[in-house]
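J.: Below is one structure. I have some questions about it.
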Amino acid sequence: MKIYLVGGAVRDKLLGLPVKERDWVVVGETPEALEARGFKRVGKEFPVFLHPRTHEEYALARTERKVAPGHRGFEVHASPAVTLEEDLKRRDLTINAMAMDEEGRLIDPYGGRKDLELRLLRHVSPAFAEDPLRILRVARFAARYAHLGFEVAEETRLLMRQMVEAGEIDVLTPERVWQELIKALGEKTPVEFFRVLRECGANERLFPEIEGLFGVPQPAKWHPEIDTSVHTMMVLTQAARLSDETVVRFAALTHDLGKALTPPGMWPGHRGHESRGLQPLAELCQRLKAPRIYHRLAEKVMLYHGHCHRVLELRPATIVEVLHALDVLHETMDFEAFLLACMADYRGRKGWENKPYPQIEWWRRLRRATLGVEVQALMARGLEGRKLGEALKRARVRAVAEEKQNLLKRAQGSGH
């Protein structure tokens, strides 16, 4: 039995990056022999085992044969006769098709180390075309390593486009598309994910709501970058700087979907785009089966990001209504996540990237003022039911009005 460290652990070790998890390939062994050594089988479609002590994944060397459409349509063959080189050949990119033996020697039959030096994402073999999920994986790796200078190799880009044109991308399950999207949003440069998908034509097939933003103009006064898609990607970049939470980044990505539905006769204005965006957002989330937490925050950011920016221009009653709509009084939604996504929108404009955004602290203070109104004091006056609700709202509006005046004075003094 020979054991090799493979895949991402080898790649990141050679790049000098932290190795988050290690995967191993076992050559020359059977499932029964591994189980006899205490390994626990977990793979259903192919033989993968957990080490009895480290719980790291050990997979038997295997080959694959395409037998049906999609990323699941493979027949897997694992036996002691399968070589390490055969196992590595079925992998997606050359930089993921390297191994190290137990003495730390590199096994690199497909030029992965050279492509690391060249900063290229290149497919290992024509078998890449058999799995459409690899298109998304390449785009995700671009999002992960763009800051190191990595680009997709020209021949791989061409192959990905051919796969899209052949309709391969259309058979991916919504769950896998969502998984890859969220992984990509969690990478260092998530905008690269969409750039790569656009280059091969996959973006319009998988994310038509995002694709629809390209070429839609906005008023230069507020958006020097003009194109809505440029703004959207700048907002996503800002969100990635402000938060590691993918729920924030998703909200930033989708906040302006309604602008794709603005009648061209209204361009470059987009009055009412907030509410127009609700339907495409719902369709996107429903199609990809997005968890409710993502849809909920994205919906609130979509509807109220303009209110967030103009907080000191709003009437106190409107501020209370917004806080109520955000449900922050009961803390069922992450208010801080909402504020960060709105800050990303504000700064996601050419020349605005480093502008201060005191609105975050203003909203926090207004929320505290609202929460400072004691319901018990009103109930002690004998109020209940509808009268209690009306009195509570009036008291909150008064508290917000007072705090808003304080904020206006400070803002005027500081020049905001």
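J.: Just check region 127-196 against the gyration tensor rule for me: Cα atoms, a ≥ b ≥ c as the square roots of the eigenvalues, rounded for a/c under 1.5, and otherwise prolate or oblate depending on whether a/b exceeds b/c. Intermediate results must be reported in sequence, preceding the final value.
T.: Values: a/c = 2.47, a/b = 1.23, b/c = 2.00.
Oblate.
J.: Rounded, prolate or oblate for region 1-112? Axes are the square roots of the Cα gyration tensor eigenvalues, ordered a ≥ b ≥ c, and the cut-off for rounded is a/c under 1.5. Spell out each step's value before the answer.
T.: Details: a/c = 1.57, a/b = 1.10, b/c = 1.43.
Since a/c reaches 1.5 but b/c is at least a/b, the shape of region 1-112 is classed as oblate.
J.: Can you flag which of Lys40/Lys183; Lys259/Lys409; Lys2/Lys44; Lys2/Lys188; Lys13/Lys89 are past 30 Å Cα-Cα?
T.: On the way: Lys40/Lys183 27 Å; Lys259/Lys409 35 Å; Lys2/Lys44 23 Å; Lys2/Lys188 35 Å; Lys13/Lys89 20 Å.
In this structure, Lys259/Lys409; Lys2/Lys188 lie more than 30 Å apart at Cα.
J.: List, in order, the whole-Hz ³J(HN,Hα) value for each residue of region 364-371 obtained from phi through the Karplus relation with A = 6.51, B = -1.76, C = 1.60 and θ = phi - 60°; use x for Gly and Pro.
T.: 4, 5, 5, 5, 4, 4, 5, 5
J.: Name the most mobile residue of Trp178, Trp24, Trp222, meaning the one with the largest mean-square fluctuation, in a Gaussian network model of the chain with Cα contacts below 10 Å.
T.: Trp222
J.: Right, next: Among residues other than Gly201 whose Cβ falls under 12 Å from its Cβ, what is the net charge (Lys/Arg +1, Asp/Glu -1)? Before the final figure, lay out each step's value.
T.: Numbers: positive: Arg157, Arg161, Arg198, Arg205; negative: Glu165, Glu168, Asp170, Glu199, Glu204, Glu211.
Once positives and negatives cancel, what remains is -2.
J.: Right, here's the next one. Label region 56-154 by shape, choosing from rounded, prolate and oblate, from the square roots a ≥ b ≥ c of the eigenvalues of the Cα gyration tensor; if a/c is under 1.5 it is rounded, and otherwise prolate applies when a/b is larger than b/c, oblate when it is not.
T.: oblate
J.: Which of Glu283, Glu103, Glu180 moves the most in a Gaussian network model of the chain with Cα springs under 10 Å?
T.: Highest fluctuation of the listed residues: Glu103.
J.: Let's see if you can work this out: charge +1 on each Lys and Arg Cβ, -1 on each Asp and Glu Cβ, no other charges. What is the dipole magnitude of region 1-112 about its Cα centre, in debye to the nearest 20?
T.: 260
J.: Then there is this: For Leu121, what residues show an amide H to amide H distance below 5 Å, using hydrogens built from the backbone and excluding near sequence neighbours?
T.: Residues meeting the amide H criterion: Glu151, Val152, Ala153.
J.: Report, largest value first, the span of the C-alpha coordinates of region 1-47 along each principal axis, in whole Å.
T.: 37, 21, 18
J.: Another question, if that's okay. Among Tyr346, Tyr145, which comes first, then next, by fewest other beta-carbon atoms within 10 Å? Write out the running numbers ahead of the final one.
T.: Numbers: Tyr346 19, Tyr145 23.
Ranked by crowding around the Cβ, least crowded first: Tyr346, Tyr145.
J.: Averaging sequence separations of C-alpha pairs under 8 Å and six or more residues apart, then dividing by the length of region 11-57, give the relative contact order as a whole percent.
T.: On the way: 36 pairs, mean separation 13.9, N = 47.
Result for region 11-57 is 30 percent.
J.: What are the ³J(HN,Hα) couplings of region 14-20, residue after residue, when phi is run through the Karplus curve with 6.51, -1.76, 1.60 and θ = phi - 60°? Round to Hz, x for glycine and proline.
T.: 3J(HN,Hα) across region 14-20, in whole Hz: 5, 7, x, 9, x, 8, 7.
J.: Within region 321-374, report the GluC sites (Glu not before Pro) that DSSP leaves as loop and that have at most 15 other Cβ atoms within 10 Å. Numbers along the way, then the final one.
T.: Details: sites: Glu321, Glu331, Glu336, Glu353, Glu361, Glu374; in loops: Glu331, Glu353, Glu374.
Hits after loop and neighbour filter: Glu331, Glu353, Glu374.
J.: Mind checking the dipole of the chain: about its Cα centre, +1 per Lys or Arg Cβ, -1 per Asp or Glu Cβ, Debye to the nearest 20?
T.: 1760
J.: Cα centroid distance between region 19-58 and region 273-310, in Å?
T.: 42
The numbers here are math on the coordinates, done by the rules we state, and not lab data. All values reported here derive from a predicted model rather than from experimental measurement. Please note: Cβ atoms are built from the backbone with ideal geometry, for glycine as well, and neighbour counts cover all protein chains shown.
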